[in-house]
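Peer 1: Mind having a look at this structure? Questions to follow.
The values are calculated or read from the model by the stated rules, or taken from the named source; none is laboratory data. Nothing here was measured: the structure is a model prediction, and the numbers come from that model. Note: ideal-geometry Cβ built from the backbone for every residue, glycine included; neighbour counts use all protein chains shown.
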Amino acid sequence: MAFAMFLPDTASTTRPPTAAGKGARCRRTVARAEAGFALLETLVAFVIAALALAVLYNAGLNGLRSTAMAAQYEEAVSRANSRLTLAEHASPLMAGDWRGDDGGGFAWHVHVAPIASTAVQPVMALTLPGSASFPLTLYAITVWIGWHDGDAKREVRLDTQQIGQDRR
């Protein structure tokens, strides 16, 4: 009897032939359902990946547009500074409006207007009676640089004030 403990129980491991056939059919049906579910998961993953790529593409495109616009603004400020320097150091500084094409799609406009005038005596003239005074005028200088960016018109404006000697 002790020997019988080590022998496998053949009655419990043997199945009738009909039960084995049903089990194989059930396993095939489950395998097909799982295969279809894997296909659906794959399609959903592709859709999510495509949406993520579209978002990344849009972000990259917006970054390129912003970089190009920043470069245009930087160039416009540089051109406006140049025009402002020319207007400030004009001898003599005089009121007026000037416009022109700066090339590269940029147009400029300079406006110089007097704000206030006064007469000043030189420091040495305080000790000398009857010394002549000379007139000084404070001017407002405004420079605009404009350009077209697609359908939008863009511009940069710089303002300053400068003292100039009147031409009286």
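Peer 1: Does at least one position in the stretch 116-125 carry a residue that is part of a helix (DSSP H, G or I) and either exposed (fewer than 11 other Cβ atoms within 10 Å of the Cβ) or touching a residue at least 60 places away in the same chain (Cβ under 8 Å) (or both)?
Peer 2: Checking the stretch 116-125: at least one residue is part of a helix (DSSP H, G or I) and either exposed (fewer than 11 other Cβ atoms within 10 Å of the Cβ) or touching a residue at least 60 places away in the same chain (Cβ under 8 Å) (or both).
Peer 1: Please find, within the stretch 90-110, the residue that is nearest to Gln162 (Cα to Cα) out of those that are touching a residue at least 12 places away in the same chain (Cβ under 8 Å) and over 37 Å from the mean Cα position of the chain (by Cα).
Peer 2: Leu93
Peer 1: Go through (1) within 24 Å of the chain's Cα centre (by Cα); (2) modelled with pLDDT of 95 or more; (3) not acidic (Asp, Glu) for Phe46 and report which single condition fails.
Peer 2: (1) is the only condition that Phe46 fails.
Peer 1: Limited to the stretch 77-106, what total is found for residues that are surrounded by 16 or more Cβ atoms within 10 Å (Cβ to Cβ) and either in contact with an Asp or Glu (Cβ under 8 Å, 6 or more places away or on another chain) or in a helix (DSSP H, G or I) (or both)?
Peer 2: Result for the stretch 77-106: 7.
Peer 1: Here's another thing I want to ask about it. What residue, of Arg65, Arg27, is modelled with pLDDT under 95 and either surrounded by fewer than 10 Cβ atoms within 10 Å (Cβ to Cβ) or over 30 Å from Trp147 (Cβ atoms) (or both)?
Peer 2: One residue alone meets the criteria, Arg27.
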